[in-house]
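The values are calculated or read from the model by the stated rules, or taken from the named source; none is laboratory data. On a predicted model such as this, the values are computed, not experimentally measured, just so you know. Cβ coordinates were reconstructed from backbone atoms using ideal geometry, including for glycine residues, and neighbour counts include every protein chain displayed.
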Amino acid sequence: MMGLIRKAWGLVVWIWSTASRPARHLSIGFLALGGFFAGVMFWGGFNTALEATNTEAFCISCHEMENNVFQELKTTVHYSNRSGVRASCPDCHVPHDWTDKIARKMQASKEVWGTLFGTIDTREKFLANRRKLAGHEWERLKANNSLECRNCHSPEGMDITVQSVRASTAHQTYLFTGEKTCIDCHKGIAHELPDMTGVPGWQ
Amino acid sequence: MRISSFCAVIAAVGVLLAGGASLSEELITLRNGLSIDQEAAAPPLPKVENHDKRRVRNFAEQPPTIPHTIRGYEVTRNANKCLSCHSRIQTGESQAPMVSVTHFMDRDNQVLATVSPRRYFCNQCHVVQEDVKPLVNNDFVDVELMLRNSEAPQ
């Protein structure tokens, strides 16, 4: 046992001393260029991975999402409508600004953790956690003034003359004045809602 | 005896045939005149009216029809989208008519603090409307009209 640890430590020391020794036979130019290309490859790979995980197919490749939220989305206007424009998971759940995107991905890693360790691997467990998960999304959309909704719907682009009276009155009174944001009034547009007791405006 | 029973059978068959004929005529009108083995083209799905104007009720106890769309409105144990506008406390913001006091009553007419469980599932009684021609004529007469007619000198 002790021998094993000593051997492993020896390896670590050797790797470090090699890596920290200055290069004797390589030109500074080669090193700089090599570093540059390695950086490009890493950056590219990172962004490619980021793009790959940014598709609906990826989101629903884990059965928690396929069986719960995706089935519910399919019945809504964001999946099927007269104009054929569809909103997919990342449209609403991943910010389009790069730093926001990374921040959200790091947060999402926690949800992957949830998958690996079965926090929501049954419908019952998912429903038990739903209020908390939905709450995270409401908070996020409230904090960024419903940024993801606005990537497709802009208040400036809304022709209130073709909206219903209910819609145009609500939008004129609360949305255009900046008093409220989309998610304040449009909860549950893409999925079934959790128990809403205690949520402002409900019950 | 024989002849009379024969006549009765003929008469019965005649009645049956006549009944059958009138029955199939009705069925034919409902099926767009197509025979039973042919499939009629379905009429286009009408749109739900969303004009936000209240409709006249046919009698005082009628649950009013809904003058707006309710597509995707969730009414489950978890959430009641209708009450997010029509509950007493939400009407200030939504400017929607409040559910009337009957919605707070239990079956002994006790008024409860919140909407009574038997009035929770709104769509049991309230429905949206579509602009369609009735398939069957309706000779319902509004009670106001009936009263006015009966008061008028004969």
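Brief remarks on what is shown
- Here residue B:102 meets each of (1) part of a loop (DSSP other than H, G, I, E, B); (2) modelled with pLDDT of 95 or more with one exception, condition (1).
- Beta carbons closer than 9 Å, at least 6 apart along the sequence or on distinct chains, pair a first residue in the range B:31-54 that is on the phi > 0 side of the Ramachandran plot with a second that is surrounded by 10 or more Cβ atoms within 10 Å (Cβ to Cβ) and of a type in the set (Lys, Arg) for B:52/A:166.
- Set B:111, B:136, B:143: member being among the hydrophobic types (A, V, I, L, M, F, W, C) and within 30 Å of residue B:44 (Cα to Cα): B:136
- Just one residue in the set A:201, A:188 is part of a loop (DSSP other than H, G, I, E, B), touching a residue at least 12 places away in the same chain (Cβ under 8 Å) and closer than 25 Å to residue B:86 by Cβ; that residue is A:201.
- Only one of the listed residues (B:92, B:72) is free of Cβ contacts under 8 Å to residues at least 12 places away in the same chain, among the small types (Gly, Ala, Ser) and touching a Gly at 6+ places or on another chain (Cβ under 9 Å). That residue is B:72.
- Listed by first and then second residue, the pairs with beta-carbon distance under 7 Å, at least 6 apart or on different chains, first residue in the range A:122-143 and within 17 Å of residue A:89 (Cβ to Cβ), second of a type outside the set (Asp, Glu) and at pLDDT below 95, are A:126/A:68; A:126/A:120.
- Restricting the range B:66-121 to residues that are surrounded by fewer than 12 Cβ atoms within 10 Å (Cβ to Cβ) and in contact with a helix residue (DSSP H, G or I) (Cβ under 8 Å, 6 or more places away or on another chain) leaves a set whose member that is farthest from the other protein chains (Cβ to nearest Cβ) is B:107.
- Selection over the range A:144-168 of residues that are surrounded by 18 or more Cβ atoms within 10 Å (Cβ to Cβ) and part of a loop (DSSP other than H, G, I, E, B) gives a count of 1.
- Residue count for the range A:169-183, restricted to those that are more than 10 Å from chain B (Cβ to nearest Cβ), assigned to a helix (DSSP H, G or I) and surrounded by fewer than 17 Cβ atoms within 10 Å (Cβ to Cβ): 1
- Scanning the range B:114-133 for residues that are over 16 Å from the mean Cα position of the chain (by Cα) and within 30 Å of residue B:46 (Cα to Cα) yields B:119, B:120, B:121.
- Complete set of residues in the range B:100-131 that are under 13 Å from residue B:82 (Cα atoms) and aromatic (Phe, Trp, Tyr): B:120, B:121
- Among the residues of the range B:66-95, those that are under 18 Å from residue B:129 (Cα atoms) and assigned to a loop (DSSP other than H, G, I, E, B) comprise B:67, B:68, B:69, B:70, B:71, B:72, B:73, B:82.
- Here the range B:37-51 is the region considered, the condition is being loosely packed, with under 14 Cβ neighbours inside 10 Å and of a type in the set (D, E, K, R), and the residue that is nearest to residue A:166 (Cα to Cα) is B:47.
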